[in-house]
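J.: After the structure tokens below, expect a handful of questions from me.
Just so you know, all these numbers are worked out from the coordinates, no wet-lab data involved. Since we're looking at a predicted model, the values are computed, not measured. Cβ sites come from the backbone with ideal geometry, for glycine too, and all protein chains shown count toward neighbours.
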């Protein structure tokens, strides 16, 4: 299993004939770890995650999950990309954190900002 911290990300929207597509690039510093495609065609079967010759992992998700995916990247720290080559399983995850931790910080920022 390879577990690598995601330090930066980039995303864009593309108009592909027959569907809309969002691409999210997950990086560690300048190294591209994963290219995640978010597809809005609910009838299309999603391909299994795969690793390219360049070491980049390609994964596909449903478009409706894009908001939650970006929310995790924006609001959690640290966030990790995990790739299980033997099982072809890819996912992003956070570390353990205290429940309500960020909400507490946000509340005090609003009071004293």
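J.: For labels at residue 85 and residue 51 in the simple 7 Å Cα→Cβ model, what's the distance in nm?
T.: Distance between the two pseudo-spin positions: 0.3 nm.
J.: Most mobile of 99, 24, 79 per a Gaussian network model of the chain (Cα springs, under 10 Å)?
T.: The residue with the greatest mean-square fluctuation here is 99.
J.: Then there is this: Which FRET efficiency value, to the nearest 0.05, do you get for residue 2 and residue 76 by plugging their Cβ-Cβ distance into 1/(1 + (r/R0)^6) with R0 = 22 Å?
T.: The calculated FRET efficiency here is 0.65.
J.: In degrees, nearest 10, range 0 to 90: what is the angle between the Cα axis of helix 66-75 and the longest Cα principal axis of the chain?
T.: Between helix and principal axis, roughly 40 degrees.
J.: Give, in nm to one decimal, the length gained when the segment between residue 58 and residue 28 is fully stretched (0.36 nm per residue of separation minus the Cα-Cα distance).
T.: This chain segment gains 9.3 nm when fully extended.
J.: The chain: percent of C-alpha pairs farther apart than 16 Å?
T.: 65
J.: Now for a separate question. Using the Kirkwood radius over C-alpha pairs as Rh, can you work out the diffusion coefficient of region 1-54 via Stokes-Einstein at 25 °C, viscosity 0.890 mPa s, in µm² per second?
T.: 192
J.: As a check on your grasp of the helix formula, calculate [θ] at 222 nm for the chain: sum -39500 (n - 2.57) over DSSP H runs of n ≥ 4, divide by the residue count, round to the nearest 500.
T.: Counting only the DSSP helices, I get -6000 deg cm²/dmol.
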